[in-house]
1. Could you check segment 177-277 for strands (runs of 3 or more DSSP E) lying wholly inside it with 3 or more residues that are touching a helix residue (DSSP H, G or I) at 6+ places or on another chain (Cβ under 9 Å), modelled with pLDDT under 90 and surrounded by 13 or more Cβ atoms within 10 Å (Cβ to Cβ)?
2. Go through the residues of segment 105-119 one by one and say whether even a single one is hydroxyl-bearing (Ser, Thr, Tyr), closer than 27 Å to Glu152 by Cβ and touching a Gly at 6+ places or on another chain (Cβ under 8 Å).
3. Identify, from the list Ser162, Ser133, Ser151, the residue that is of a type in the set (Gly, Ala, Ser), under 30 Å from Leu84 (Cα atoms), surrounded by fewer than 16 Cβ atoms within 10 Å (Cβ to Cβ) and in the same structural domain as Tyr264 (by TED's automatic domain parsing).
4. In segment 155-176, what count of residues is obtained for those that are at pLDDT below 90, of a type outside the set (A, V, I, L, M) and closer than 23 Å to Leu191 by Cβ?
5. Given the structure, is Arg207 within 22 Å of Asp52 (Cβ to Cβ) and assigned by TED's automatic domain parsing to the domain that holds Ile83?
Amino acid sequence: MKLNLNSPLLGGRWKGASWLALELILVTIICWWTFDPMMEKIYVNHLPFGYDADRIVRMEVASTLNRTERMDRKEEICAEEEILLKKVQEIEDVEVAFRSVYSAPGFDLGESYLNTGDSTCIRFPTIYFQRESPIFRAYDIPSLTPTVPLSELTNDCEEDKSIILSRTLALAAFGKTDVAGRTIELYNVGLDETRKYHIRAVVEDVRSYEGDKDHTNCYICSTLRMPMTNMPVIVRLRDGVSVQQFREKCEYELRKNLTTEHCYIRKIESVRERQDFLSGRCDGRLMHRNVLMAAFFAINLALGVFGTILMYTRQRREEAGIKRAFGATRRSVFWGFIREAWVLTTVSVLIGCAIYFQYQISGDSYEKDLYDNPVVHYWFDSIETHFPIVSLCVYLFVLCTVLIGTAIPAWRICRSEITESLRED
């Protein structure tokens, strides 16, 4: 039997397939533009912190005195806060507790320093600590300097002279982690001054906040030249104790004990809660808007493609009836529809991705910002990994939509009688 390619049946089929291919190419480009930034953002926000965030809480310390009275009686208030810290350390559910200086990982961002050496200019977000502070034990941040174990990281530190670097920060500044004993020169952006620091040790990377992807923390021993009041207490809970359990105990059982004459615990906040607050305050609205936009585009694109595929497949009812009249089985006709949809989708997505690829290589998508850590790399920092991963996700999204839109009417067509299919014009 010789097929006539100019017949209305085949002519309509190829015309419909051409329009469908154009729509799938456009959908692929829009999916790339919509999904790409969201995938990067979601990936970074879900990276591990580098410590057990579910066991770290911050207890805000407040005073019953007003600001003027508190400033006039600094020494007395600081002494009371030290007593309050000891009371917290005696709580059964507390494993480690210390007073935070200005900031702590997971809660606040410290001051920014810039490396002024010969290496690439890098921003150094700084966290301060006091001598003998158990900050590294509380966060369980491993020491990478064999001669300085975790338990001794903050011992023998010179105030305002000793610094501890994160692993990737040491690699970026020196190209290696064995840099204990060396000096580094940093420029303090806030104070507009340059100072040299003695490197005490190098520790493993941790993230200061959800969007932190540079791991460039450094830790400086602070003098606390003047007594500071209302310094929060950072607590590491014992294994198996939840934040909610600890908060309930402090609120209902230990509230009366966690006070001094002028000081008390005002608020208990976990790392997760703090990150939710910072995300909402900084870029939460933008993030939610982008998520809603991506969801809106995804739903509309899926419905559009789904509807087009339904109509296109239903229009081929007569073709399915003719095939079955010539001996084709229901299964072979059904899988014929599926194979054609798969081939059409694959070709269309490849063309769409190739078009978007030209935009990717023509821009500066893979150039790091001025102060980004050059040592840290993710899958989206290189086109060799970024483009295939996002393209695969786009392909799977479009393919699933097309196959579902094809399978539903194709199954109904194959289950109908041959005479019903041949009645269609």
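1. Passing ranges, in order: 263-270.
2. Checked against the condition, which is being hydroxyl-bearing (Ser, Thr, Tyr), closer than 27 Å to Glu152 by Cβ and touching a Gly at 6+ places or on another chain (Cβ under 8 Å), segment 105-119 yields no hits at all.
3. Ser151
4. Residues meeting the conditions: 5.
5. Numbers: within 22 Å of Asp52 (Cβ to Cβ): yes; assigned by TED's automatic domain parsing to the domain that holds Ile83: yes.
Yes.
Residues checked against (1) without any contact (Cβ under 8 Å) to a residue 60 or more places away in the chain; (2) outside any strand (DSSP E or B):
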{"position": "Tyr43", "(1), (2)": "no, yes"}
{"position": "Val61", "(1), (2)": "no, no"}
{"position": "Lys86", "(1), (2)": "yes, yes"}
{"position": "Ile91", "(1), (2)": "no, yes"}
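The values are calculated or read from the model by the stated rules, or taken from the named source; none is laboratory data. Note that the coordinates shown come from a computational prediction; the quantities given were computed from them, not determined experimentally. Every residue, glycine among them, receives a Cβ derived from its backbone with ideal geometry; neighbour counts consider all protein chains shown.
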